[in-house]
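*Asks:* Quick one: the structure is below, and I'll ask about it shortly.
Where a number appears in this text, it was derived from the coordinates with a stated rule and is not lab data. This is a predicted model, so every value here is computed, not measured. Every residue, glycine as well, gets a Cβ built from its backbone with ideal geometry; the counts of neighbours run over all protein chains shown.
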Amino acid sequence: MPIYEYRCAGCGGRFSVFWRSFSDVNEGKILCKRCGSKEVSRLVSKVRVVRSEESRLDDMADPSAWGDFDENDPKSMGRFMRKMMSEIGDEAGDLGAEFEEVVDRLEAGQDPEAIERDMPDLLGDGAAGGPAGLGSSGAPGSDLYSGSDFDN
């Protein structure tokens with residue numbers, strides 16, 4: 001049961017037609033739904049490929065697919081975070097208004113450490129090993145990676 005898209009030469013309108021079978025497509029007469037013209041041409045429709053979660057995650061893990069991602073550029077980080085969320089979709093659940101605010105601020109070019117200072121409860125109590133979700137001490141200058149394998 002194919003669905004084909006058509007464009008009318010008379011009015012420029014675009015419309016879809018649902019056919020009961022492929023043989024009906026060849027035998028049927030198409031009239032524009034807006035102006036009734038017989039001068040219509042079939043268009044190539046957009047195609048969407050359904051991919052598994054594993055396939056989408058594999059693509060996101062491949063650095064060559066990251067495009068112009070620059071970990072030192074807040075705008076690039078924000079774009080990348082938004083792209084990842086669109087790839088993951090509903091599976092990520094609701095990350096809340098705080099996540100949206102962080103991404104918006106990154107896309108505006110704000111420094112990630114300034115965002116962290118402005119939003120001390122962002123990671124929740126003790127999420128990064130200290131009060132207010134900051135590094136192990138919660139003191140200024142500590143960061144999310146203090147006390148971790150990322151220390152130099």
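*Asks:* For a footprinting-style exposure proxy, rank 8, 35 by other Cβ within 10 Å, fewest first.
*Replies:* Starting with the residue having the fewest Cβ neighbours, the order is 35, 8.
*Asks:* Sticking with this structure for a sec: Going Cα to Cα from residue 46, which lysines come in below 30 Å? Please leave out same-chain ones fewer than 8 positions away.
*Replies:* Straight-line reach from residue 46, under 30 Å: 29, 33, 38, 83.
*Asks:* What number comes out for the charge environment of residue 107, summing +1 per Lys or Arg and -1 per Asp or Glu over other residues with Cβ under 10 Å away?
*Replies:* +3
*Asks:* Could you please tell me the mean projected area of the C-alpha convex hull for segment 3-43, averaged over all directions and given in square nanometres to one decimal?
*Replies:* 2.5
*Asks:* What residues from segment 6-32 fall in the zone where the backbone N is under 15 Å from a label point 7 Å along the Cα-to-C-beta line of residue 38?
*Replies:* 9-10, 27-32
*Asks:* Can you give the FRET efficiency for residue 23 and residue 52, using 1/(1 + (r/R0)^6), R0 = 25 Å, r = Cβ-Cβ distance, to the nearest 0.05?
*Replies:* 0.15
*Asks:* Once fully extended, how much extra length lies between residue 111 and residue 66, figured as 0.36 nm per residue of separation less the alpha-carbon to alpha-carbon distance?
*Replies:* Computed gain between residue 111 and residue 66 is 14.1 nm.
*Asks:* Ok, one more. Give me the net charge of residue 43's neighbourhood, meaning all other residues with Cβ under 11 Å from the Cβ of residue 43; Lys, Arg count +1, Asp, Glu -1.
*Replies:* So the surrounding residues net to +3.
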